[in-house]
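See structure below.
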Amino acid sequence: MQNSQKKLWFKAKNYGWGWYPVTWQGWLVLIGYIGILQYRVVTVHQMFDTVSSFTWRMFFEVIFITVPLIVICYAKGEKPEWRWGGKKI
């Protein structure tokens with residue numbers, strides 16, 4: 001299947017850099033990401049009693065959870081680029 005015929009789950013934003021979901025699969029990935037992130041905040045919060053240790057652990061948790069999201073967006077979305085009002089002509 002050629003790239004132009006590929007069904008995109010995410011489209012590049014018109015302003016700034018990044019993607020937004022355009023299919024149910026994209027929305028499912030995003031909702032799953034948010035759900036996993038919320039679950040980890042609650043479970044990690046229960047493990048630590050100091051704000052500093054919680055903050056450092058969550059910093060690494062967010063990175064660990066966000067990297068797969070970015071990989072999926074790259075694989076199933078348009079090429080991201082900095083835009084300010086639409087695609088380049």
Report task. With the checklist (1) surrounded by 15 or more Cβ atoms within 10 Å (Cβ to Cβ); (2) part of a helix (DSSP H, G or I); (3) in contact with a strand residue (DSSP E or B) (Cβ under 7 Å, 6 or more places away or on another chain) in hand, flag the one item P80 doesn't pass. Result -> (2)
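So that you can scan it fast, the table gives a plain yes or no per residue for (1) among the aromatic types (F, W, Y); (2) in contact with a Leu (Cβ under 9 Å, 6 or more places away or on another chain); (3) touching a residue at least 24 places away in the same chain (Cβ under 8 Å):
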| residue | (1), (2), (3) |
| --- | --- |
| L8 | no, no, yes |
| A12 | no, no, yes |
| W17 | yes, no, yes |
| V29 | no, yes, yes |
| I36 | no, no, yes |
| R40 | no, no, yes |
| F48 | yes, no, no |
| V51 | no, no, no |
Query - Flag if G18 is of a type in the set (G, A, S), farther than 26 Å from R83 by Cβ and under 17 Å from the mean Cα position of the chain (by Cα) - result: no
**Report entry** Flag if K11 is in a loop (DSSP other than H, G, I, E, B) and charged (D, E, K, R)
**Finding:** no
Query - Among (1) out of contact with any strand residue (DSSP E or B) (no Cβ under 8 Å at 6 or more places or on another chain); (2) surrounded by 14 or more Cβ atoms within 10 Å (Cβ to Cβ) - the single one W56 does not satisfy - result: (2)
Query raised in the report: Which one of Q38, Q46, Q25 is within 19 Å of L8 (Cβ to Cβ), among the polar types (S, T, N, Q) and in a helix (DSSP H, G or I)?
Result: Q25
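For region 34-44, indicate whether the set of residues that are hydroxyl-bearing (S, T, Y), surrounded by 12 or more Cβ atoms within 10 Å (Cβ to Cβ) and under 20 Å from the mean Cα position of the chain (by Cα) is non-empty.
Scanning region 34-44, I find no residue that is hydroxyl-bearing (S, T, Y), surrounded by 12 or more Cβ atoms within 10 Å (Cβ to Cβ) and under 20 Å from the mean Cα position of the chain (by Cα), so the answer is no.
Every number in this text was worked out from the coordinates using simple rules, so none of it is lab data. Since the model is a prediction, treat every value here as computed from it, not as a measurement. Counting neighbours? That spans all protein chains shown, and the Cβs are built from the backbone with ideal geometry, glycine included.
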